Amino acid sequence: MSTAEPSATADLYDEHGENLQSCDLQMRQYGATRRFGGTITTVRCFEDNALVKSILGEDGEGRVLVVDGGGSIHTALIGDIIAKIAITNRWAGVVINGAVRDVATLAALPIGIKALGSNPRKSAKSGSATARLLSPSAGPRFSQATPYTATMTASWFLATRARPGN
């Protein structure tokens, strides 16, 4: 993400119009980094974070992991241990259509984390997930095949198709 002064969310939408997609989900801020962005990588899982942990163990190169957890807040998909793995591996942030845990620790970590809510309950670890495929029910459709850039401000998630050469 550029070090230039960030635009306000409404200004970004005014500038890009319908080319900029906003997610209708009202996410909460959990990481210490309030604004973050990067090309997205996607995963779909339901109350099972084994693949989330595996992907965040890869070199993130400034990417953002978008996790479709089916909107479940019954179990957490990320806590402090997995968030620290993401930081070590240079991920810019994680956006979760689901829950997190270890909220107080996450608030002090230098990474962007947005999620629907929190729950101290651990998730399953069976690996029943689909990597790099995602089409959430609320808002824009994401896929690994299409490069997107994500910017987070307040409770908004904005995704715009990356233009060739940018």
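The values are calculated or read from the model by the stated rules, or taken from the named source; none is laboratory data. Here the structure is a predicted model, which is why all the values come from computation and not from measurement. When we count neighbours, we look across all protein chains shown, and the Cβ atoms used for this are built from the backbone with ideal geometry, even at glycine. We work out accessible area using only protein heavy atoms, side chains counted, and drop any ligands, DNA or RNA first. Shrake-Rupley method; radii C 1.70, N 1.55, O 1.52, S 1.80 Å.
Amide H contacts of T33: I111, G112, I113, each under 5 Å away and 5 or more positions distant or on a separate chain (H built 1.01 Å from N in the peptide plane; Pro and chain starts excluded).
If the chain linking I81 and A124 were pulled fully straight, counting 0.36 nm for each residue of separation and taking away their Cα-Cα distance, it would gain 14.0 nm.
Remark: the A32-A10 segment gains 5.7 nm on full extension, using 0.36 nm per residue and subtracting the alpha carbon distance. Residues in the stretch 76-89 carry Karplus couplings, in order, of 7, 9, 9, x, 5, 5, 5, 4, 5, 4, 4, 5, 4, 9 Hz; the curve used is 6.51 cos²θ - 1.76 cosθ + 1.60 with θ = phi - 60°, and Gly or Pro positions show x. A simple packing score, the average count of other Cβ atoms within 10 Å per residue, orders the peptides 110-123, 16-29 as 110-123, 16-29, with the highest score first. About its Cα centre, the stretch 1-105 has a charge dipole of approximately 420 debye under the convention of +1 per Lys or Arg Cβ and -1 per Asp or Glu Cβ, with nothing else charged.
Sorting Y13, Y30 by solvent-accessible area of protein heavy atoms yields Y13, Y30, largest first, with a 1.4 Å probe.
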